[in-house]
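Worksheet for the structure shown next.
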Amino acid sequence: MLDFIFKLKWYFSEHKFKYLLVILLAVISNLMEVIPPQLIGWTIDLIDTGEMTQGYMWMIFIIFVIVIILTYFLLYTWFSLLFGNAYNIERILRLRMMQKFLTLSPGFYERNKTGELMAKATNDMRSINKAMGFGLITLLDASTFLGTIVLVMAFTISLELTVFALLPLPLLIIIEVQLGRLINKHHAESQKSFGYMNDSALEAVEGVRLTRSYVQEDAEAGRFTRMTDDYLRKFMKVERLDALFQPLTIFVVSLSFIIAFGYGAVLVNEGRMSVGDVVTFNIYLNMLIWPMFAMGMLFNIMQRGNASLARIYEILDTEDDVPDAGTGHISSHAIDFDAVSFSYPSSSGRNLKDINIRLGAGETLGIVGRTGSGKTTLIKQLLRLYPPGGGSLIIDGINITRLDRKELRERIGYVSQENILFSRTVRENILFGNPGADEETLQRAIELSALDTDLERMPEGLDTMVGEKGVALSGGQKQRISIARSLVKDPDILILDDALSAVDAKTEARIIRGIRESRKGRTTIIVTHRLSAVQHADMIVVMDEGEIVEAGRHDELAGGRGWYAEQNQYYRSGGDGNG
């Protein structure tokens, strides 16, 4: 419990005056709540001694009403303050985690599954909210209420009876602390299991077409059933531990009642207490049921919140694999790969080996090679998505590690193989590359990407919804929207990573012609399987197993005896160039 509060001390420090007000209001409201039992005991004693009058009766009634109304407003005020802060801290943590998601490198996502990250952004956030809201309310209310009642019982009725009646309390506290530790452990396990189940559900939804096409519905359902069963088992461990709190509290309170009634009767017989005092004492003892039960719930809620907060801090404390310490700026766009080598964090071998390329500012580079040869890996070095490997990557005479990463990426227009689209309109997907672009720039990007003919056939043109991940579009349309999104940015360096694979030869020729004409004097890199897309390039490199095996212009390579010449011959004889 203290660990949870300590981890969020930065928030409590920022809002200390608000929390001090909450504590003050909680103490005052609890003092107000101990008045009615005193009035009841006083009334019983007045009736027992025959001193009750109409004046006393109205005075007691008016005090009752005033106390009830004041208590209501006090509770409402500090409850709303605490719950408001609970949602505020959830908002802050959620925003921080989203900002972290947007800045972490791909290596982080290779180590963490999407479902697990979604579980942390949903279930764990709810647990933290509950701990900050209901948990802190329980902590303040139960502790101040318990302390207030015990002090009133001891100093206004009988210290001796209070001590005897509360003897079972230490046993309750010891057992609840142990249960809380077990809940913390099993809650973390159940949340991890929920993350795996969440990831499995996400995969099932995304791959439903593939599952049906291979008639694997029963197998996938069985796999998911096993995961849900595992989550249920782990979740029920937590719930079984949680279920022990209430009967344990009732048992301890029952022991206190037995002691109070028994020893209270002895004190009345001895004349050391009045009947009204015994009734008041037992009312107070009955009022202790809530704080004692609440303390049990408190251990449960705070332990769950602490376990979830630890999982959230795992994300927030993650250091980026590619720290942005660069301050250098670029003006021209000459690119020099000088003996660049690279290995993915999860790879046992080298994925790039001694890459040497010199690309002048305004030139076009074509990168070709069979699947898995390292073309996309080479491109990712320019985007600074992974920690640098061996050698040096120089842009405008500055090592890429010394360049400001944000400025570098702003200068680059990148069209990836995945063609990721958002569930928005065509217009919004294109303008994502440059939200401030005017209509003329937008239309120019659409024309250069050969998307104009498709827009004419779309029911609402640019305002057509593309569906989740572009499900309502063909592969070629998604590629052209992605190209338009990059072109509307008008980047200094344009990178097309196999971005024309889903368009026909005629459309490809139109897009390449438009890019050549519109990007004179600016650097362009085209990764492709189709040789027709790079025949105009100032330099073409052929990659195989992470190495450059051929380099030159189209005429030079086509006249040789390597892979490029073979593919060119195949292309000229009627193939598609995808060898």
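Coordinate-derived values only; no laboratory data. Because the structure is a prediction, the values reported are computed rather than measured. Cβ sites come from the backbone with ideal geometry, for glycine too, and all protein chains shown count toward neighbours.
In order along the range 80-93, phi translates into HN-Hα couplings of 5, 5, 5, 5, x, 5, 4, 6, 5, 5, 5, 4, 5, 5 Hz, rounded to whole numbers, per the Karplus curve 6.51 cos²θ - 1.76 cosθ + 1.60 with θ = phi - 60° and x for Gly and Pro. For the range 216-241 and the range 297-321, what is the separation of their C-alpha centers, rounded to whole Å? Rounded to whole Å, the Cα centres lie 23 Å apart. Annotation: amide H of GLU550 within the under-5 Å range of VAL542, sequence separation 5 or more or interchain, hydrogens built in the peptide plane. Helix 289-316 axis versus longest C-alpha principal axis of the chain: approximately 20°, rounded to the nearest ten. Residues whose amide H lies under 5 Å from that of TYR414, counting only those 5 or more places away or on a different chain, are ILE495; hydrogens are built 1.01 Å from N in the peptide plane. Kirkwood radius and radius of gyration were both taken over the C-alpha atoms of the range 446-565, and their ratio Rg/Rh is 1.02. Volume per residue of the convex hull around the Cα atoms, evaluated for the range 335-572, comes out as 128 Å³. In a fully extended conformation the segment linking ILE289 and TYR56 would gain 80.8 nm over its present Cα-Cα distance, using 0.36 nm per residue. The aspartates and glutamates whose alpha-carbon is closer than 16 Å to the alpha-carbon of LYS478, local same-chain residues fewer than 8 away aside, are GLU418, GLU428, GLU447, ASP452, ASP454, GLU456, ASP463, GLU468, ASP497, ASP498, ASP504, GLU508.
With K and R counted +1 and D and E -1, the other residues having a Cβ less than 14 Å from that of ILE40 yield a net charge of -4.
The mean sequence distance of close C-alpha pairs (under 8 Å, at least 6 residues apart), as a share of the length of the range 326-476, puts its relative contact order at 23 percent.
Here the Karplus relation 6.51 cos²θ - 1.76 cosθ + 1.60, evaluated at θ = phi - 60°, turns the backbone of the range 21-35 into coupling constants of 5, 4, 4, 4, 5, 5, 5, 5, 5, 5, 5, 5, 6, 8, 6 Hz, with x for every Gly and Pro.
The range 357-415 and the range 145-210 have Cα centres separated by 53 Å. With contacts taken as Cα pairs under 8 Å at a separation of at least 6 residues, the chain carries a relative contact order of 14 percent. In 10 Å bins starting at zero, report the fraction of Cα pairs in the chain per bin as a rounded %. Answer for the chain: a P(r) of 3, 13, 17, 17, 14, 11, 9, 7, 5, 3, 1, 0, 0 percent. Here each label is just a point 7 Å from Cα along the line to Cβ, and for VAL163 and LYS9 those points are 3.7 nm apart.
A full extension of the chain between ASP463 and PHE257 corresponds to an added length of 67.0 nm, given 0.36 nm per residue minus the alpha carbon distance. Taking only alpha carbon atoms, the range 250-295 gives an Rg to Rh ratio of 1.04, where Rh is the Kirkwood radius. The modelled label-to-label distance between TYR196 and LYS506, using points 7 Å beyond Cα along the C-beta direction, is 5.4 nm. If only the Cβ of Lys and Arg carry +1 and only the Cβ of Asp and Glu carry -1, the dipole of the chain around its Cα centre is close to 500 debye.
Backbone phi angles across the range 513-523, fed through the Karplus curve with coefficients 6.51, -1.76 and 1.60 (θ = phi - 60°), yield HN-Hα couplings of 5, x, 5, 4, 6, 7, 10, 5, x, 10, 7 Hz in residue order; Gly and Pro are listed as x.
Take each peptide in 412-419, 363-370, count the other Cβ atoms within 10 Å of every residue, and average; sorted highest first, the result is 363-370, 412-419. Electrostatic tally near SER200: other residues with Cβ closer than 14 Å to its Cβ, Lys and Arg +1, Asp and Glu -1, net -3.
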